[in-house]
1. Under 1.5 on a/c is rounded, so check that first for the stretch 54-113, then, if it is not, pick prolate when a/b is larger than b/c and oblate when it is not; a ≥ b ≥ c are the square roots of the alpha carbon gyration tensor eigenvalues.
2. If a/c stays under 1.5 just call it rounded; otherwise compare a/b with b/c (prolate if a/b is bigger, oblate if not). Do that for the stretch 215-256, with a ≥ b ≥ c from the square roots of the Cα gyration tensor eigenvalues.
3. Using just the Cα positions, wrap the chain in a convex hull and report its mean projected area in square nanometres, one decimal place.
4. Could you please tell me the mean projected area of the C-alpha convex hull for the stretch 1-123, averaged over all directions and given in square nanometres to one decimal?
5. Under the definition of Cα pairs under 8 Å and six or more residues apart, what whole-number percent is the relative contact order of the chain?
6. Using only Cα atoms and rounding to the nearest 10 degrees, what angle (0 to 90) does helix 122-134 make with the longest principal axis of the chain?
7. Could you work out how far helix 71-85 tilts from the main Cα principal axis of the chain, as a 0 to 90 degree angle to the nearest 10?
8. How many angstrom lie between the Cα centre of the stretch 14-74 and the Cα centre of the stretch 180-245?
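Read-outs throughout are calculated quantities, based only on the coordinates presented, and are distinct from any laboratory measurement. The shown structure was predicted, so the numbers you read here are calculated from the model rather than taken from an experiment. In this analysis, Cβ positions are derived from the backbone assuming ideal geometry, glycine residues included, and neighbour counts consider all displayed protein chains.
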Ligand SMILES: NC(=O)c1ccc[n+]([C@@H]2O[C@H](COP(=O)([O-])OP(=O)(O)OC[C@H]3O[C@@H](n4cnc5c(N)ncnc54)[C@H](O)[C@@H]3O)[C@@H](O)[C@H]2O)c1
């Protein structure tokens, strides 16, 4: 695909989970396309590495150590965008964690609370804060949620992961049906299949029943983070202006 340079010129974007994997790739590609990027992640070390890489390549970026599960952190990162760059045009809600494919009966309250906080409540609160800024801007804004095929099917994650990603899909559709149609904020989501990132290293002790269900779903190809970032660039840009409430599956045909 031929990518026009500067497709995100003059846009200000927040990318959560920007320290690794797809968030890193999205942040890099946003900066490459001319966006000013707020790099938000809980991991300061990896944030510094990504920041250095982007700025050395001539991109514009600012770091925000952010725990997406913390409401104060969310408000602070939204404020940082407008204080630093004067607007907020794109929120890429990307940070997320997995749950060892844990089946419902084995889900502890702690696991449930943690995964919902990071994968659903955090993105919801970030979207809420972002919308309240974007709605006041002349050109509105765009929300790009990184969901998962786990948000469309039953056995691509454990119970909580599946619930959280289905919730994120629902959030996307609701924002699209309200602000996308009658306000100034479009929302779309990406539903990646398997992508080669550091998330695989967090799968430490697969639940037997969840693992069995995953195995029955079969193996799919493993994507590169920049294959997902390409979609996030398109969804963040004005080229996707007629897309609203779409959940775009990008899994190399895994679930076809
Ligand atoms: N890799 C896959 O196969 C795959 C498939 C479908 C969907 N996804 C989704 O893509 C998104 C990105 O995942 P990835 O595969 O790039 O993973 P990754 O582990 O490589 O990167 C995730 C990043 O999120 C950060 N993070 C974790 N908890 C956070 C928190 N509380 N606050 C802020 N940052 C936090 C981590 O520090 C890390 O930098 C996730 O939402 C994930 O659910 C991944």
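1. Prolate, since a/c reaches 1.5 and a/b exceeds b/c.
2. Numbers: a/c = 4.49, a/b = 1.97, b/c = 2.28.
Since a/c reaches 1.5 but b/c is at least a/b, the shape of the stretch 215-256 is classed as oblate.
3. Values: hull surface 51.2 nm².
In nm², the orientation-averaged hull projection of the chain is 12.8.
4. On the way: hull surface 34.4 nm².
If I average the Cα hull's projected area over directions, I get 8.6 nm².
5. Details: 552 pairs, mean separation 51.8, N = 256.
Result for the chain is 20 percent.
6. That works out to roughly 20 degrees.
7. 30
8. What the calculation gives is 18 Å, centre to centre.
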